[in-house]
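A quick write-up on the structure given underneath.
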Amino acid sequence: MIEGYEQAAVGAEERLAAAADLDAVSGVERELLGRRSLFADAKRRLADLAPGDRAEAGRRLNEARARVETAAAGARERLAAADRDDRHAAERLDLTERLPHTVPLSRGRLHPVTQARDRLEDVFVGMGYTVAEGPEVETAWYNFEALNIPDWHPARGSFDTIFVNLGEPEEVMLRSHTSPVQIRVMEKRKPPVYIVAPGRTFRTDTADATHLPAFNQIEGLAVDRNITMGDLAGTIDEFVRAFFGREVKSRLRPSYFPFTEPSAEFDISRPDGSWLELGGCGMVHPNVLSNCGIDPEEWQGFAFGFGIDRLAVMRHEIDDIREFVNSDTRFLRQF
Ligand code: FA5
């Protein structure tokens, strides 16, 4: 009787080793290990044996049972591992795989204003500048006072500032230009300083063909020994040529900013012969240097601030700056 069960265990081991799925494993378990199985029946029949044979038969029966249990567990583990491998193979992603060219790919692209900003950064980095950043929400100190615009100054009005309802009235605002980044940089770094700071700026301006209420500027600041207005003019000239890469006429026009002295406005020619104002510039006012702990007797600087959206308008000969914020993908796809 015992030999028969041991043979059954060997047969079960073979079937389990070859089992192709979990159903086959369960089948063998039911047949040999379940409540109505061969081994359960054998266990019941141990009672019929003579007491002297019973212990030996019980031990061998348990051994046969254990062999089948071990083989079933092994088969389950083998099938689970194979299943994992199949799943991994099916879900594998080849990130280097290239689709054949017959499938048209719809690729995203950078907004033309972002492209202009990147290009501006490249041009100035090529001239030895580094890129700086400042917050879009500013205090009156950075947006105005440190820039030599005290609260009684009429120039504050010309910035059409959007105030934030925080702290004292008119104390916190969305920055109306990128010039506060000049202060933040000079507070932290000692000259020589050569930085550009592109970023978003905000004014209560009504949108029209040349204005947006949220627009972008790029600030430039150079502080060094013996800097003159000639360096400023040369830098702007160099940048116009690098950015537009074609014959564009530019001019500096005397102007006024409290934070530069002398100050100028910078225009470039449009295809129709008219001029578009791109930005302001000038020699950094000695008060601004002093406000940042820099000795104006020892150091001089020039600064400029251009409208990036306006630069992009000029570069692509677009009639209306509002096209940039209409989110019309047919328009944006052209760039
Ligand atoms: C300023 O903002 C000064 N901070 C510029 C400056 C920097 C002068 C450093 C001297 C030294 P202004 O307000 O002129 O200046 O604005 C500069 C440029 O930002 C404008 O020439 C224009 O190109 C752009 N700009 C101004 N308002 C708008 C607007 N609403 N929409 C689009 N572009 C604008």
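The values are calculated or read from the model by the stated rules, or taken from the named source; none is laboratory data. The model shown is predicted, which means the values in this text are computed figures rather than measured ones. Ideal geometry is used to build each Cβ from the backbone, glycine not excepted, and the neighbour counts take in all protein chains shown. Heads up: the accessible areas ignore ligands, DNA and RNA and are worked out on the full protein's heavy atoms, side chains in. Shrake-Rupley method; radii C 1.70, N 1.55, O 1.52, S 1.80 Å.
Assorted remarks:
- Length available on full extension from R109 to E297: 0.36 nm per residue minus the Cα-Cα distance, which gives 62.9 nm.
- Neighbour cut-off at most 10 other Cβ (10 Å), DSSP loop, chymotrypsin sites (Phe, Trp or Tyr not before Pro), segment 122-220: W152
- Positive dipole terminus of the chain, leading residue within Y129, A75, V223 (C-beta point charges): A75
- C-alpha center-to-center spacing [segment 181-218, segment 224-292] in angstrom: 15 Å
- Beta bridges from DSSP with both residues in the chain: antiparallel share about 95 percent, rounded to the nearest 5.
- Over the chain, relative contact order from alpha-carbon pairs under 8 Å, at least 6 apart, %: 14 percent
- In summary, the aspartates and glutamates within cross-link reach of K188, defined as a Cα separation below 14 angstrom excluding same-chain residues under 8 places away, comprise E133.
- Mean ellipticity per residue at 222 nm, deg cm²/dmol - from DSSP H runs of n ≥ 4 across the chain, formula -39500 (n - 2.57): -13500 deg cm²/dmol
- Solvent exposure of the chain as accessible area per residue, Å², 1.4 Å probe: 56 Å²
- Taking a ≥ b ≥ c as the square roots of the eigenvalues of the Cα gyration tensor, segment 45-183 is classed as prolate, since a/c reaches at least 1.5 and a/b is larger than b/c.
- All aspartates and glutamates inside 14 Å of K190 as judged from Cα atoms, apart from same-chain residues fewer than 8 positions distant: D224, D295, E298
- Within the chain, longest stretch clear of exposed GluC sites (Glu not before Pro) (DSSP loop, no more than 10 other Cβ within 10 Å): 98-246
- Gyration tensor verdict on segment 191-335 (Cα atoms; rounded if a/c is under 1.5, prolate if a/b is larger than b/c, oblate otherwise): prolate
- Computed from the alpha carbon atoms alone, the convex hull of the chain holds 298 Å³ per residue.
- Cα shape, segment 109-217, gyration tensor, a/c 1.5 rule: oblate
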